[in-house]
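J.: Attaching a single structure in structure tokens format; questions to follow.
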Amino acid sequence: MSGVVVAVGLCRRLTRRRLRSHPRLFAFLVEMLSTFQICACTNELSLLGNVEPKPHTALTLTYGFTVLHGLTLAGSTCNPCGTVQPMWGGGTSLRMGGLKIAAQFVAAVIARVFMHFIWSLEMAEPHFGALSQGCSSPMQTTEMQAFCIELLFSVVFQLAVLRAESVNPKYRVHLIALLITMLVYAG
């Protein structure tokens, strides 16, 4: 995953230098690269989360990846809901918001294909047989309970993020990473 983070960082830097004069292409590529990093790391985290000791490994990786993404992907939303919010508030045009959402979906598909390729190489023990296992539902509850939990956690998270805006930026990323890790543990 360090290779993905370094490559995305270099590509974002190159994009900033070369494409500042083309705002739409610049926004599309930066959002696509950022979302690719998040999706690729999340796919890998889903495999590494099953490594012993459980749940310590998964929670440590969740916190670490969240801090890493918070520090390296400043200015990107990497989430359609996070893009729609400024559109509703009038901070982003409909065209730019649509462009960013399209970039996010393109990046998600590319990250999935890329991770399947990486897993097919079986370079690490968790990758052995990862493709043959297929997808399974991570929900261990009913759909209604899962919906209620997701709704509650979304409200708690959004309120905490709004409150964290007044925190010093160098501590904010750790505060949000801790909150996400606690919600993952509780959920």
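The values are calculated or read from the model by the stated rules, or taken from the named source; none is laboratory data. Please read these numbers as outputs of a predicted model, since none were measured by experiment. Cβ placement follows ideal geometry from the backbone for every residue including glycine, while neighbour counts extend to all protein chains displayed. Remember, those area values only see protein heavy atoms, side chains included, never the ligands or the DNA or RNA. Shrake-Rupley method; radii C 1.70, N 1.55, O 1.52, S 1.80 Å.
J.: If you average the alpha carbon positions of the range 143-187 and of the range 23-83, how far apart do those two centres end up, in angstrom?
T.: Answer, in whole Å: 15.
J.: Still on this model: Mean-square fluctuation check for the chain, GNM, Cα pairs under 10 Å: which of Asn50, Asn168, Asn79 is largest?
T.: It is Asn168.
J.: Let me ask another. Among the trypsin sites (Lys or Arg not before Pro) within the range 1-102, which fall in a DSSP loop and have no more than 12 other Cβ atoms within 10 Å of their own Cβ? Mind dumping the intermediate values first?
T.: Working: sites: Arg12, Arg13, Arg16, Arg17, Arg18, Arg20, Arg24, Arg95, Lys100; in loops: Arg20.
Taking the range 1-102 and a limit of 12 other Cβ atoms within 10 Å, the loop trypsin sites (Lys or Arg not before Pro) found are Arg20.
J.: Among Leu151, Leu59, Leu175, which one moves the most in a GNM of the chain with springs linking Cα atoms closer than 10 Å?
T.: Leu151
J.: Please work out the Cα convex hull volume for the chain and give it in Å³ per residue.
T.: In the chain, the Cα convex hull volume per residue is 142 Å³.
J.: For Leu47 and Ser166, what does the FRET efficiency come to when R0 = 22 Å and r is the distance between their Cβ atoms, rounded to the nearest 0.05? Write out the running numbers ahead of the final one.
T.: Values: r = 37 Å, r/R0 = 1.69.
E between Leu47 and Ser166, to the nearest 0.05, is 0.05.
J.: For the chain, set up a GNM with springs between Cα atoms under 10 Å and report which of Ser76, Ser154, Ser46 has the largest fluctuation.
T.: Ser154
J.: On to the next question. Show that you can apply the helix-only estimate: for the chain, add -39,500 (n - 2.57) for every DSSP H stretch of four or more residues, divide by all residues, and state [θ] at 222 nm to the nearest 500. Write out the running numbers ahead of the final one.
T.: Working: 8 runs with 142 residues, N = 187.
Value at 222 nm, helices only, nearest 500: -25500 deg cm²/dmol.
J.: Whole number in Å², please: accessible area per residue of the chain, 1.4 Å probe, ligands, DNA and RNA not counted.
T.: Values: 12150 Å² over 187 residues.
Averaged over the residues of the chain, the accessible area is 65 Å².
J.: Let me ask another. Ignoring any ligand, DNA or RNA, what whole percent of the accessible area of the range 1-117 comes from carbon and sulfur when the probe is 1.4 angstrom?
T.: 68 percent
J.: Taking only C-alpha pairs under 8 Å that are 6+ residues apart, what is the relative contact order of the chain in percent? Before the final figure, lay out the partial values.
T.: Details: 147 pairs, mean separation 48.0, N = 187.
Rounded, it is 26 percent for the chain.
J.: Quick check on the range 1-104: what does the Kirkwood estimate of hydrodynamic radius come out to from the alpha carbon pairs, in Å? Intermediate results must be reported in sequence, preceding the final value.
T.: Numbers: mean 1/r = 0.0679 Å⁻¹.
The Cα-based Kirkwood calculation yields 14.7 Å.
J.: Calculate the FRET efficiency for Phe105 and Phe147 from the Cβ-Cβ distance with a Förster distance of 25 Å, rounded to the nearest 0.05.
T.: Values: r = 23 Å, r/R0 = 0.92.
Computed FRET efficiency for Phe105 and Phe147: 0.60.
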